[in-house]
Amino acid sequence: MLKIQVGHSYFLRYDPKQWERGKPYPPLATIQVAALLREMGHELALFDAMLADGVEEYSGALHAARPDLVVIYEDNFNYLTKMCLSRMRDAACQMIAEARAYGARVIVAGSDASDQPEAFLAAGADAVLVGEGIAALAALVDRLQRTPDIDPADWAAGLSGVATLVDGKAELVRLGAVPPDPRVVGRPAWDLVDIERYRSLWQERHGYFSLNMAASRGCPFRCNWCAKPIWGNHYKQRSAEDVAAEMTYLKRTFRPDHIWMADDIFGFHVGWVAAFAEHLRESDGSVPFTIQTRADLGSERMVAALADAGCAEAWIGAESGSQRVLDRMNKGTTVAELIAARRRFGEHGVRVGFFIQLGYLGEQLTDLLATRDLVAEAAPDDIGVSVSYPLPGTKFYEEVKAQLGRKTHWRDSNDLAMMFRGAYDSDFYRSMRDLLHQQVNLRQSRETLSAARRNDAHAVLETRWNTLFAHEAEHRTEQPTPSPFMAMQTIALPLL
């Protein structure tokens with residue numbers, strides 16, 4: 001039996017935007033792996049960075065656990081890990097160095113590690129897993145248990161999907177995209193999580209408590225900009241009965257008021273969602289939950305089934321109000337589908353959020369105006385706005401990588417910096433993000449503001465929009481990255 005400390009390096013304190021937002025979730029993939037290793041017969045401890053005050057807490061946790069092996073396994077369900085934020089990489093590297101100095105072997109896994117294993121090997125990691133890495137992790141753990149003093153070079157010998165240093169150089173036999181490993185089943189190691197610490201912050205910030213689950217791993221769609229270093233385009237869904245049983249367990253054990261379904265795409269099949277709803281009724285296990293989905297999956301039957309199961313909020317990857325931008329992204333959805341899906345969810349009492357992406361390759365002012373019009377017409381209850389973010393392994397990255405300078409990642413999620421030459425500079429997109437949020441917030445304030453105050457607020461917002469677009473030429477980028485629909489157009493700017 002080995003003493004293993006499993007941890008991750010996403011510190012909420014190091015991401016000012018997310019700390020202010022105050023909606024932390026336990027590291028789901030991390031505690032799934034902890035449950036698997038414990039099932040293999042090992043003694044487990046968890047270092048949960050999410051609510052730690054800083055990486056300074058790691059030393060004490062390391063010495064308390066006294067591990068033979070440290071596994072830094074990032075939470076693949078936390079979408080921020082796909083962005084490979086540099087502040088979190090710095091923290092991971094410090095944790096690696098401390099674990100090695102203590103005398104433990106160190107294995108690292110996650111999106112950033114899969115893309116850039118050299119950075120983590122240079123920090124002292126013995127092995128970096130590429131992709132989900134469950135098979136390689138199990139093999140490394142078995143070898144270490146059999147031969148605790150195994151030579152580092154022999155430890156990973158012959159294993160595919162594992163990066164190691166050999167004579168100072170990184171060596172890796174990469175695997176293609178591998179489906180989600182069937183060994184990751186059953187209940188995550190929830191007992192290792194300080195649930196009350198999460199509950200306290202949620203209650204303090206929002207007056208309710210939310211936990212997270214996942215009914216599937218992966219996504220079968222092929223958007224050009226979406227990084228998929230863990231599961232590629234594979235998609236594996238748990239049984240509806242199993243997911244309902246876990247929700248029932250969480251409801252009875254921890255009493256959450258809400259569940260965040262962390263799937264890239266939740267439900268997918270109407271029959272599965274209907275069965276999920278039925279199992280929840282039988283067990284009285286339903287908790288209001290939020291999902292991520294696509295507009296083309298929001299049929300009338302699907303939306304009705306989701307509402308029946310207890311779906312309270314659905315976030316749709318809208319991305320843009322311009323059809324040509326959606327087509328350029330290979331999104332596979334239409335603007336009409338976005339508006340129709342939003343209407344259906346609303347008719348069934350489900351709140352709707354839109355994810356909006358600004359600055360995609362070739363996007364021009366007419367496309368940005370179309371996105372503003374979409375938000376006005378569809379009237380989502382909330383929006384999340386970002387700019388296009390080129391990550392290794394995507395078609396989008398290959399199109400712009402020649403322009404990437406020293407800055408290849410954001411430091412934290414509020415960076416919102418353009419890392420390639422889009423049509424406009426970062427300040428322009430940040431201003432548009434702020435105005436889109438003001439537009440949505442103003443609509444949501446209909447019942448709290450008087451008619452006079454609403455009119456005044458509308459006038460202020462209109463002035464800000466018109467000012468931004470009147471000066472848009474000052475923010476245009478010289479020699480933006482060319483694209484198939486790049487031709488600049490002279491248009492009359494419509495006032496609100």
For the structure I just gave you, tell me whether VAL184 is open to solvent by 50 Å² or more (accessible area, probe 1.4 Å), at pLDDT below 95, part of a loop (DSSP other than H, G, I, E, B) and more than 15 Å from ILE107 (Cβ to Cβ).
no
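Answer yes if at least one residue in region 238-253 is open to solvent by less than 40 Å² (accessible area, probe 1.4 Å), outside any helix (DSSP H, G or I), touching a residue at least 24 places away in the same chain (Cβ under 8 Å) and not hydroxyl-bearing (Ser, Thr, Tyr), and no otherwise.
Pass one, region 238-253, residues open to solvent by less than 40 Å² (accessible area, probe 1.4 Å): 240, 243-244, 246-248, 250.
The next check asks that each one be outside any helix (DSSP H, G or I); those that pass are none.
No - not one qualifying residue is present in region 238-253.
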Go through (1) modelled with pLDDT of 95 or more; (2) not in a strand (DSSP E or B) and name the single condition VAL106 misses.
(2)
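Being over 20 Å from LEU391 (Cβ atoms), without any contact (Cβ under 8 Å) to a residue 40 or more places away in the chain and either part of a strand (DSSP E or B) or open to solvent by 10 Å² or more (accessible area, probe 1.4 Å) (or both), is that true of even one residue in region 23-37?
Looking only at region 23-37, we keep the residues that are over 20 Å from LEU391 (Cβ atoms), and these are 23-28, 30-37.
From what is left, the residues that are without any contact (Cβ under 8 Å) to a residue 40 or more places away in the chain are none.
No, the conditions are met nowhere in region 23-37.
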In region 260-313, residue surrounded by the fewest Cβ atoms within 10 Å (Cβ to Cβ) [restricted to those that are acidic (Asp, Glu) and closer than 17 Å to THR248 by Cα]:
ASP284
Need the failing condition index for SER445 against (1) open to solvent by less than 60 Å² (accessible area, probe 1.4 Å); (2) free of Cβ contacts under 8 Å to residues at least 40 places away in the same chain; (3) within 22 Å of the chain's Cα centre (by Cα), just the number.
(3)
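If I go through region 97-110 residue by residue, how many of them are surrounded by fewer than 23 Cβ atoms within 10 Å (Cβ to Cβ) and not basic (Lys, Arg)? Steps first, answer last, please.
Narrowing region 97-110 to residues surrounded by fewer than 23 Cβ atoms within 10 Å (Cβ to Cβ): 97-98, 100-104.
Filter again for not basic (Lys, Arg), leaving 97-98, 101-104.
Result for region 97-110: 6.
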Need the failing condition index for ARG222 against (1) open to solvent by 40 Å² or more (accessible area, probe 1.4 Å); (2) part of a loop (DSSP other than H, G, I, E, B); (3) touching a strand residue (DSSP E or B) at 6+ places or on another chain (Cβ under 9 Å), just the number.
(3)
Only residues that are part of a loop (DSSP other than H, G, I, E, B) and either of a type outside the set (S, T, N, Q) or open to solvent by less than 70 Å² (accessible area, probe 1.4 Å) (or both): list them for region 412-442, please.
ASP412, SER413, ASP415, LEU416, ALA417, MET418, MET419, PHE420, ARG421, GLY422, ALA423, ASP425
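One line per residue, one yes/no per condition, for (1) touching a strand residue (DSSP E or B) at 6+ places or on another chain (Cβ under 7 Å); (2) at pLDDT below 95; (3) over 18 Å from PHE221 (Cα atoms):
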site: ALA244; (1), (2), (3): no, no, yes
site: LYS251; (1), (2), (3): no, no, yes
site: ILE259; (1), (2), (3): yes, no, yes
site: ALA277; (1), (2), (3): no, no, yes
site: THR290; (1), (2), (3): yes, no, yes
site: ALA295; (1), (2), (3): yes, no, no
site: SER299; (1), (2), (3): no, no, no
site: GLY317; (1), (2), (3): yes, no, no
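The values are calculated or read from the model by the stated rules, or taken from the named source; none is laboratory data. Remember, predicted model here, so these are calculated numbers, not experimental data. Positions of Cβ are generated from backbone atoms using ideal geometry, with glycine treated the same way; all protein chains shown enter the neighbour counts. When the accessible area is computed, the model is the full protein with side chains, heavy atoms only, and any ligands, DNA or RNA have been set aside. Shrake-Rupley method; radii C 1.70, N 1.55, O 1.52, S 1.80 Å.
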